[in-house]
1. Only one of (1) over 27 Å from Glu216 (Cα atoms); (2) modelled with pLDDT under 95; (3) assigned by TED's automatic domain parsing to the domain that holds Arg400 is not met by Gly357, so which one is it?
2. Please specify each residue of region 317-331 satisfying the condition of being of a type in the set (S, T, N, Q) and either over 46 Å from the mean Cα position of the chain (by Cα) or closer than 15 Å to Thr471 by Cα (or both).
3. Mind listing whichever residues of region 132-161 are farther than 30 Å from Glu281 by Cβ and surrounded by fewer than 14 Cβ atoms within 10 Å (Cβ to Cβ)?
4. Quick one: in region 234-245, of everything that is over 18 Å from Ile304 (Cα atoms) and among the hydrophobic types (A, V, I, L, M, F, W, C), which residue is surrounded by the most Cβ atoms within 10 Å (Cβ to Cβ)?
5. Looking at Thr452, Thr471, Thr440 in this structure, which one is touching a residue at least 40 places away in the same chain (Cβ under 8 Å), among the β-branched types (Val, Ile, Thr) and closer than 30 Å to Ser331 by Cβ?
6. Hey, any hits in region 442-451 for a residue that's of a type in the set (Phe, Trp, Tyr) and either under 13 Å from Asp168 (Cβ atoms) or surrounded by 17 or more Cβ atoms within 10 Å (Cβ to Cβ) (or both)?
7. Looking only at region 71-84, which residues are in contact (Cβ under 8 Å) with a residue 60 or more places away in the chain and under 42 Å from the mean Cα position of the chain (by Cα)?
8. Checking the conditions here, which among Thr358, Thr280, Thr268, Thr371 is surrounded by fewer than 20 Cβ atoms within 10 Å (Cβ to Cβ) and under 27 Å from the mean Cα position of the chain (by Cα)?
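The values are calculated or read from the model by the stated rules, or taken from the named source; none is laboratory data. Because the structure is predicted, anything quoted here is derived from the model rather than measured. Every residue, glycine among them, receives a Cβ derived from its backbone with ideal geometry; neighbour counts consider all protein chains shown.
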Amino acid sequence: MGSEITSEKSNILNRCELCTLIWQELGGARNSEAPDHARVNNLSDGRNTITNRKITSEISQIIREELCRFCENTTIRGLPRIVRAHSRSLRLLWSALVTILMLGCTICLLFLGRQYLEYNVIHPPRVLRHTSSPFPAVTVCNLRPISPDGVRYLKQRGWKTPRQFGMDLARFTQHFYYNVGRKEDYKMASAAISFAGFLESLPNDEERRKLGYLHEKLIIKCQITYLNGSKYVASPCDMTGRWRKFIHAQYLNCATFEPFAELLAYTTNIELYIYLNDLTEYATCPDCFINEVKSQLSGALIVIHPADYLPDVNDKSINLKPGSLTEIRLSTVENVQKMPPYGRCSHDLPESVLLYGTDYAYSEYACRQATIQNEISAKCGCFSIEFPYHEHAGLAPCSRLPAFVNISSCDNVASATVNNTCATQLTEFLQRMLCKRSVTERFAHGIVPSCTMPCAFYSYEAEQSTSTWPTKVWQLTWLNSSSIRRLGIFNGPEFQIYREAQALLAQGDESAAARLLEQANLLERNLLAVLINRPNFDVRKVEEKEVLSLTSLLSQSGGLFSIWMGLTMIALGEIIEFFMRCFVKAKALRRNRNTLRPNSLPSDGNASITSLMHKMSINREEQPGYEIPCKENHLLWLQLIAFIKQNSRQGQTSFGSEPECVCSCTQSEKIRNTTLSWQGPNRSSVVRSHLQNVNHRHQKSIPDEVS
């Protein structure tokens, strides 16, 4: 039986050239050893790299084609000229021109962006007619801090005057510091030779207030006028508002009048009549200092500020001259600030700040004053009278020198009995002053980073005019008015000359009374009046606006793009279309590659088919007269051989006995060198599908080992 099969196989191989080649290929695949898996993986990675490079090259070609198409059809100026130029020189010319235009546009955009990042603002004003706005509060201080009653109280307590206190302190600092070469300490101690240093050396606020002018005696008359419907109503200040009192480091007793909240929007003016009660019986000034010019003034000052706000007496005050009437016309300004990065305002602010033991509405100035005072208290363990303070907080003043206040102590540097006490207090005082200076120097120009301004607040601009008041011929009439007589302050001996003139006038001797009035100047030296008037209810609104807003930036950028390059929103759509076309084509290319990759034969199989077909072609050329007895297309057999050989090399299939190929082929066909596709995830199912598609005239079974 075995010899018959061998003989039949030999006959088949002799008749069929294709069967002979198939037999040889199957034998080589069976005898070949499985390749190294690492080598197979490396070869696979190499083929993938080559494939990726091909895909990248094809994508680059797609991008170049789409870029040329975009340049030919775009509305951006200059690009179509570059593509359609007929010569190289024109193409270079247009390329240079487009480059220059793009560079110019870029430079302009840089300047525009720099201007935008500066976040500059402007303040365009506009007037709001007949708009409701609050009337301001008024703070009044006497420029002469120590009253005649205060001077008498100093003598009663055995205390030095402020000027004598400063002179004794200057001698001691010179003796202890300057004469021994400690000039820096001398400068530091000399800075405390001021009225504030004297006030801090007193026991408490009650003693301090007794030295100054009480507002009940300073302001002899205060009257407010407001609208009740269309009617003007005049009323005393005590019935229409409240007074706030505080101690200032330079002017001592100050008072603030604030109309009631329900009257702020309807108040039209406030009249204040102030009697200074200047020291007339002293040839020297008890509260003047050489290094403080403002301590040498006479008169009063007022501060106009929003109601319920802390007044800035040092920087926002208006000085009033004695013997004059000052009229101040107000204009209300509503300020609207921008938030960062354009401005410094913030909506997240506290409603009030605790100052002088009471609540004030939040303002940037009040926040700065409170912050600096809190820093001094926390670091130095004391408070400074130069900033708003709370006496009952359990802290002592930083510049306190109680031994220097008493007349009998620290007045003679040669006295050895008191030098120890004075020197000890001076040393402690110097340490506290050094600590205080270290805190204040951290806030240059009073700027506190943590304090921001509100985003909306009112301020007031004042126009003032001054005239002499009261005139001589009106002084006697004014003194004899019922409202002034009720005050009782003009019954002192200093007003005797006015009483005599009044008696002469009553007797009919008007010329003698006039001569007496010419000699008297007491009212001119002590009396003044101020009228604070709001002429209308107009509000000037000043709102910060960006010099270059984001909308303006985009608009100007669009103008630059249009002028320099012709780039518009249509061109932006063209650019989007360009990227979309590139993306779609690249995606389609990768999808086609991924579709073809699983269906393609391995490269070794393709090489085997090509080699096999080449061998058959050579054999035919060598035997021109030989007619191949095969009538069928053997491409399926070639696929089968390539697939089995490839799987054999991967070590996944072992072949059994040699297959028999028995076919009767009578038709000669030319086999082309074509790469065929192979599909199917399962090897045995693929072989069976190929065997079922082979249509031989004489079909014979193949060995089971193949299937």
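1. Of the numbered conditions (1) over 27 Å from Glu216 (Cα atoms); (2) modelled with pLDDT under 95; (3) assigned by TED's automatic domain parsing to the domain that holds Arg400, the odd one out for Gly357 is (1).
2. If the condition is that a residue be of a type in the set (S, T, N, Q) and either over 46 Å from the mean Cα position of the chain (by Cα) or closer than 15 Å to Thr471 by Cα (or both), then Ser324, Thr326 are the ones that fit.
3. Of everything in region 132-161, just one residue is farther than 30 Å from Glu281 by Cβ and surrounded by fewer than 14 Cβ atoms within 10 Å (Cβ to Cβ), namely Ser132.
4. Ala234
5. Unique residue meeting the criteria: Thr452.
6. no
7. Within region 71-84, Thr74, Thr75, Ile76, Arg77, Gly78 meet the criteria.
8. Among Thr358, Thr280, Thr268, Thr371, only Thr371 is surrounded by fewer than 20 Cβ atoms within 10 Å (Cβ to Cβ) and under 27 Å from the mean Cα position of the chain (by Cα).
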